[in-house]
Amino acid sequence: MLEHVYPQLKSVSAYRSLLQEPAGESLVGLYRALAHGDGEGAIDYYTALFEAVATQGFDSLGAWFQDRMRYGTSPFAAAAARGTESEALTRAAEHDIGVFARVAALPCRELKQAIAALLPEQWAQAVEDLPQWREEVPFDFQEMRRFYRVNGDGMFARYRAFNWSRNRLLPVEHPDFVPEEELWGYQLQRDKVVANTRRLIEGKAVNNVLLFGDPGTGKSATVKSLLGVPGFESLRLIEVHKTDLGDLGELLRMLAHRPQKFILFIDDLAFDKDDMTYSLLKSVLEGGLEPRS
């Protein structure tokens, strides 16, 4: 079995970028060294692979593969998220995921035995002492395709909150989330926001929303609390600062055709008579040649 792994890894195409990451390069290097009879090189790549996988918080190759396929970028993930995957791309992705599953299931003891067979006897204890990762396969092709169609791909699958700043979308790993039970008062107003957002989640026509009132009355907290409403798992919240309103068109094009639903949240919105950003926002709200997202 081990002698077939290197050719199979070299045949990966739809997820080729995964094997160009440090852990992926070490994985390919390990099986290349085994295929070429390079025992010392195999040890170097084995230990580098273990370090790379452990550094990212995983104790199995299967978990690492699953994480990188879910949250990395690949042509199949992007196409599956839009529902536009071609037959050729689907076949390539199914092949690649099958290769990853077989590699993840290989016992470390077999790898260590193969390495030991390429080295003199004095290496036996060093090879025996090599650390081991768990053998598990927590994914298959159908599971991965379902994940993309529900959650999208890349950072939109991993994160739920973002900042749009200087033409860049920056993920917020730990958003300032306010649980609904901590919001007191203004139930009628908050219910309207939730109801409008629920229509968005359901794919129905919705309104833009303007929340106004005295400081501390819960306007921003109401918006942030939407991330915790049951059934709103596909919702993503993007905070846009007033100074970046001129780039909203680019942001909207970036979000088009994704399976998630997005709220663009502009906090502390105020204009004076000479402020041209009002016109920029107005043109985005009213639309132009491009259809409204």
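Things worth noting here:
- Subset of the stretch 118-148 [open to solvent by 50 Å² or more (accessible area, probe 1.4 Å) and without any contact (Cβ under 8 Å) to a residue 24 or more places away in the chain]: Pro120, Glu121, Gln122, Gln125, Glu128, Asp129, Gln142, Arg146
- Against the test of being touching a residue at least 12 places away in the same chain (Cβ under 8 Å), surrounded by 15 or more Cβ atoms within 10 Å (Cβ to Cβ) and not hydrophobic (A, V, I, L, M, F, W, C), the options Ser11, Ser60 yield a single qualifying residue, Ser60.
- Filter result (in contact with a strand residue (DSSP E or B) (Cβ under 9 Å, 6 or more places away or on another chain) and crowded, with 18+ Cβ neighbours inside 10 Å) within the stretch 233-252: Leu235, Arg236, Leu237, Ile238, Glu239, Val240, Asp244, Leu248, Leu251
- Answer from Ile43, Ile97 - the residue that is closer than 30 Å to Pro120 by Cβ and of a type in the set (A, V, I, L, M, F, W, C): Ile43
- Residues in the stretch 174-208 that are part of a loop (DSSP other than H, G, I, E, B), modelled with pLDDT of 85 or more and open to solvent by 60 Å² or more (accessible area, probe 1.4 Å): His174, Asp176, Glu202, Lys204, Ala205, Asn207, Asn208.
- Boolean, Asp153 is crowded, with 17+ Cβ neighbours inside 10 Å and of a type in the set (Asp, Glu): yes
- Scanning the stretch 218-234 for residues that are small (Gly, Ala, Ser) and under 22 Å from Val150 (Cα atoms) yields Ser225, Gly228, Gly231, Ser234.
- Answer from Ala88, Ala81, Ala52 - the residue that is open to solvent by less than 50 Å² (accessible area, probe 1.4 Å), at negative phi, at pLDDT 95 or above and part of a helix (DSSP H, G or I): Ala52
- Contacts under 9 angstrom Cβ, first residue in the stretch 18-40 being open to solvent by 20 Å² or more (accessible area, probe 1.4 Å), partner among the acidic types (Asp, Glu) and not in a helix (DSSP H, G or I), 6 or more apart: Arg32/Asp38
- Checklist (1) at pLDDT below 90; (2) on the phi > 0 side of the Ramachandran plot; (3) of a type outside the set (A, V, I, L, M) applied to Gly231, failing item: (1)
- Output for the stretch 56-100, where each listed residue is among the hydroxyl-bearing types (Ser, Thr, Tyr) and under 23 Å from Val5 (Cβ atoms): Ser60, Ser74
The values are calculated or read from the model by the stated rules, or taken from the named source; none is laboratory data. Note that this is a predicted model, so its numbers are computed, not measured. Heads up, the Cβs are rebuilt from the backbone with ideal geometry, glycines too, and the neighbour counts pull from every protein chain shown. Just the protein is used for accessible areas: all its heavy atoms, side chains included, with ligands, DNA and RNA removed. Shrake-Rupley method; radii C 1.70, N 1.55, O 1.52, S 1.80 Å.
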